[in-house]
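Chemist: First the structure, which I've put down as structure tokens, then a few questions once you've had a look.
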Amino acid sequence: MNAHDDIPFVFFGTGEIAHAVLEELLRANLAPRVVVTAPDRKQGRGLTLTPSSVAMLAAEHGIETLKPIKFDDEFYARLQAASSQLFAVADYGAILPQKLLDIPPKGTLNMHPSLLPRLRGPSPIRSAILTDEKKVGVSIMLLDDKMDHGPIVAQKEIALPDWPPHGNALDAMLSHAGGQLLAQILPLWAEDEIEARQQNHDLATYCQKFTKEDGQLDLNEDAYQNLLKIRAFEGWPGTFAYFERPSTSSGQGGKKIRAQIIDAEIENQKLAIKTVKPEGKKEMPYEAFIRSGARQS
């Protein structure tokens, strides 16, 4: 326990990034009075109602958890009852209205996994890979009513040993780094020992949500750009390409095969695919896939 245990704050978060941030806050003995997360969702083949990983982590630590379907009067009343000095947000998954941001006297801090004003928007980590940013980091900002627009409280650049990184690895690295930075900054902000500075909005860049269709590759295009896409879209939305099996003398074959591209590298300035997952089959080495008769379409 330390002197920061009694800082009254509410944490908003839902996804895996938020889970890592909350882990770091708890590791620093900064436990929120209340955690706000998304409602339980149906998951798996049985469509079982499952709480977010943030909700499960909060439950493990005995923290009160709110899962609002909408921000109604009852929800606002429960937030008011928490008597918090400030709110902290990471990967919550919904826009917080100004009425909510006006509740805490010391405002709402947000951990954004980019070096703002670059890569404002919903996919900063994966977009950093996709756009070949190379310079990555995390920002703690004071939320206002515009997307990732508020003043910067702190930033930290994160050095990477190799580029481009795998998307899942960069998720974990920046999430935990962001949580650690938030844990350092939150007590200073609560005690008015640090100030925020306006972003240079002229330098702002933006990123978008990805769709499954974004993951289609043309393997005849630039090898490095395809590698960026494979690494950026690891897990979600994933990358895929179409292959075909040539026709045989009996007229069989010629069938198109859709295969996920799981992993690849650049070798001799060419894209070297390592692992694929043909539709309806298990992951396999690319060489085994090609030996089965598949070829680029």
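The values are calculated or read from the model by the stated rules, or taken from the named source; none is laboratory data. As the structure is a computational prediction, the values presented were derived from the model and not from experiment. Don't worry about glycine lacking a Cβ; one is built from the backbone with ideal geometry, like all the others, and counts go over all protein chains shown. The protein model used for the area step is the full one, side chains on, heavy atoms only, and it has no ligands, DNA or RNA in it. Shrake-Rupley method; radii C 1.70, N 1.55, O 1.52, S 1.80 Å.
Chemist: Roughly how many percent of the accessible protein surface of the range 161-297 is carbon and sulfur, given a 1.4 Å probe and a whole-percent answer?
Modeler: 46 percent
Chemist: If you take the square roots of the eigenvalues of the alpha-carbon gyration tensor of the range 178-278 and sort them as a ≥ b ≥ c, do you get rounded (a/c under 1.5), prolate (a/b over b/c) or oblate?
Modeler: Verdict is prolate for the range 178-278.
Chemist: Along Cα→Cβ, 7 Å out, is where each label goes; now give me the distance between the ones at residue 275 and residue 197 in nm to one decimal.
Modeler: 4.2 nm
Chemist: Output the 0 to 90 degree angle, nearest 10, between the alpha-carbon long axis of helix 16-27 and the longest principal axis computed from the alpha carbons of the chain.
Modeler: 40 degrees
Chemist: Another question, then. At a 1.4 Å probe radius, carbon and sulfur cover how many percent of the accessible area of the range 31-158?
Modeler: Percent of accessible area from carbon and sulfur atoms in the range 31-158: 52.
Chemist: Is the C-alpha gyration tensor of the range 15-145 telling us rounded, prolate or oblate? Criteria: a/c under 1.5 is rounded; beyond that, a/b larger than b/c is prolate, otherwise oblate.
Modeler: oblate
Chemist: Among 211, 65, 37, which one shows the biggest mean-square fluctuation in a GNM of the chain, springs joining Cα atoms closer than 10 Å?
Modeler: Greatest mean-square fluctuation among the candidates belongs to 211.
Chemist: Continuing with this model, one more query. Which whole-number percentage describes the relative contact order of the chain, with Cα contacts under 8 Å and a sequence gap of 6 or more? Present the calculation step by step, with values, prior to reporting the outcome.
Modeler: Values: 584 pairs, mean separation 42.8, N = 297.
Reported relative contact order: 14 percent.
Chemist: So, one more: What residue among 83, 53, 175 shows peak mean-square fluctuation when the chain is described by a Gaussian network model with Cα springs under 10 Å?
Modeler: 83
Chemist: Provide the per residue accessible area, probe 1.4 Å, for the chain, rounded to a whole number of square angstrom.
Modeler: Details: 15790 Å² over 297 residues.
Dividing the accessible area of the chain by its residue count gives 53 Å².
Chemist: Pull up the DSSP beta bridges for the chain and report the antiparallel fraction as a percent, rounded to 5.
Modeler: If I count the DSSP bridges inside the chain, around 70 percent turn out antiparallel.
Chemist: Now for a separate question. If I fit a long axis through the Cα atoms of helix 167-190 and take the longest principal axis of the Cα atoms of the chain, what angle between them do I get, 0 to 90°, rounded to 10?
Modeler: Compared with the principal axis, the helix lies near 10 degrees.
Chemist: Here is a follow-up. Expressed as an acute angle from 0 to 90° and rounded to the nearest 10, what is the orientation of the C-alpha long axis of helix 223-232 relative to the principal long axis of the chain?
Modeler: 40 degrees
Chemist: Continuing with this model, one more query. Hey, rough spin-label estimate for residue 134 and residue 81, points 7 angstrom out along Cα→Cβ, what's it come to in nanometres?
Modeler: 5.4 nm
Chemist: How much length, in nm to one decimal, is gained on full extension between residue 146 and residue 74, taken as 0.36 nm per residue of separation minus their Cα-Cα distance? Walk me through the numbers on the way to the answer.
Modeler: Numbers: separation 72, 0.36 × 72 = 25.92 nm, distance 2.52 nm.
Going from the current span to full extension adds 23.4 nm.
Chemist: Run the numbers on the range 48-107 and let me know its relative contact order in percent, using alpha-carbon pairs under 8 Å that are six or more apart.
Modeler: 27 percent
Chemist: Under a straight-distance cross-link criterion of Cα-Cα below 12 Å, which aspartates and glutamates are reachable from residue 70, leaving out those fewer than 8 residues away in the same chain?
Modeler: Answer for residue 70, where 12 Å is the Cα cut-off: none of the aspartates and glutamates qualify.
Chemist: What are the equivalent ellipsoid semi-axes of the chain, built from the alpha-carbon gyration tensor (square roots of five times its eigenvalues), in whole angstrom, biggest first?
Modeler: 42, 22, 16
Chemist: My understanding is that a pair violates if its Cα-Cα distance is over 25 Å; which of 134/156; 106/134; 67/135; 209/281; 212/274 do that in this structure?
Modeler: 106/134; 67/135; 209/281, as the Cα separations exceed 25 Å there.
Chemist: Something else: Across the chain, where is the longest run that never hits GluC sites (Glu not before Pro) in a DSSP loop with at most 14 other C-beta atoms within 10 Å?
Modeler: The longest such stretch corresponds to 1-190.
Chemist: So if each residue of separation counts as 0.36 nm, and I subtract the Cα-Cα distance between residue 208 and residue 291, what length gain in nm does that give?
Modeler: Gain on stretching residue 208 to residue 291: 26.1 nm.
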